[in-house]
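J.: Mind having a look at this structure? Questions to follow.
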Amino acid sequence: MKLVLITLAMACSAAAFTPSYPVKTTSLKMADVVEMEEEPAPPAFPTINGWTADPDAFCAGLPGALAPMGNFDPLGFTKELSVEEIKRYREAEVTHGRVSMLAVVGYLVGENFNPLFNGLVTGPANTHLAQVQSIAPFFFAWLTMSIATAELGRAKIGWEDPIKAMGYNSENEVKGAFGALLRDKYYPGDIGFDPLGLKPTGAAEFAEMQTKELQNGRLAMLAAMGMIVQEQITHDTIFGTLKTLF
């Protein structure tokens, strides 16, 4: 009995000198939880020249609206169009605007300065092409081939293969564009022709220049049509008709 008591006493004495360590407890706080952020979904359309197509915006967000007309589309041509069709419309607008700007300059200069063909091509500009065809038929053929080559090059740059375009338009029920479809990464009108390096690198500057080109092109389309109709009615040059008014 004494032996048991002595053993217990020694055990208690040893426990008294044993260092005690606090038990660490951990608690999970909401602030310590790092929430996994979901990655944003990639855009449905690529960004080209600072423009990303927005199907809900006017003309898919393309530049060209200018005060006081703003989003001018009184007949609603673009209201129910897909982005692909809006791009095709803009391609047509830019191209016709550029041709019209050249035409206006050609009418005003060509009727007053005749260095080509020994000065034989004269009179109203409406008749110049027919005169060239009769005077220099080979030049007319060369001109036709040059235009066709330029158009083919433009088509290769910006347009999808017609077979692929027809399949895409059929699957997506794109109306009015049987075999026409612009490439996804092609900006309407940007064929890469910039010999003077005038194309801005910033998105805002590019949109501003694009708007200026569109406005000048729209004005030129109206002016060219006015000149053509005027000469068909008066059978006189532009400045010849103006002289009769003053």
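J.: Out of curiosity, is THR241 more than 22 Å from THR47 (Cα to Cα) and among the β-branched types (Val, Ile, Thr)?
T.: For THR241, the condition - more than 22 Å from THR47 (Cα to Cα) and among the β-branched types (Val, Ile, Thr) - is met.
J.: Next up: Working only within region 114-139, note down all residues that are surrounded by fewer than 12 Cβ atoms within 10 Å (Cβ to Cβ) and among the polar types (S, T, N, Q).
T.: ASN118, SER134
Table: residues versus (1) aliphatic (A, V, I, L, M); (2) surrounded by 10 or more Cβ atoms within 10 Å (Cβ to Cβ); (3) under 24 Å from ARG218 (Cβ atoms); (4) at pLDDT 85 or above.
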| position | (1), (2), (3), (4) |
| --- | --- |
| LEU5 | yes, no, no, no |
| ALA9 | yes, yes, no, no |
| ALA14 | yes, no, no, no |
| LYS29 | no, no, no, no |
| GLU35 | no, no, no, no |
| PRO46 | no, yes, no, yes |
| CYS59 | no, yes, yes, yes |
| PRO74 | no, no, yes, yes |
| ILE86 | yes, yes, yes, yes |
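J.: Anything in region 192-230 that is part of a loop (DSSP other than H, G, I, E, B) and on the phi < 0 side of the Ramachandran plot? List them, or say none.
T.: Across region 192-230, the qualifying residues are PHE193, ASP194, PRO195, LEU196, LEU198, LYS199, PRO200, THR201, GLY202.
J.: Could you say whether any residue in region 198-220 is closer than 30 Å to TRP51 by Cα, surrounded by 13 or more Cβ atoms within 10 Å (Cβ to Cβ), in contact with a Phe, Trp or Tyr (Cβ under 8 Å, 6 or more places away or on another chain) and of a type in the set (D, E, K, R)?
T.: yes
J.: Return the residues of region 94-138 that are touching a helix residue (DSSP H, G or I) at 6+ places or on another chain (Cβ under 6 Å), assigned to a loop (DSSP other than H, G, I, E, B) and not aliphatic (A, V, I, L, M); say none if nothing qualifies.
T.: Selection gives GLU111, PRO124.
J.: Shifting gears a bit: Of the residues THR201, THR211, which is at pLDDT 95 or above, among the β-branched types (Val, Ile, Thr) and either within 20 Å of HIS96 (Cβ to Cβ) or over 11 Å from the mean Cα position of the chain (by Cα) (or both)?
T.: THR211
J.: Restricting region 140-187 to residues that are of a type in the set (D, E, K, R) and part of a helix (DSSP H, G or I), which is surrounded by the most Cβ atoms within 10 Å (Cβ to Cβ)?
T.: Filtering region 140-187 for residues that are of a type in the set (D, E, K, R) and part of a helix (DSSP H, G or I), the one surrounded by the most Cβ atoms within 10 Å (Cβ to Cβ) comes out as ARG154.
The values are calculated or read from the model by the stated rules, or taken from the named source; none is laboratory data. This one's a predicted model, so the numbers in the text were calculated from it and none came from an experiment. Because the Cβ atoms are built from the backbone with ideal geometry, glycine has one as well, and the counts that use them run over all protein chains shown.
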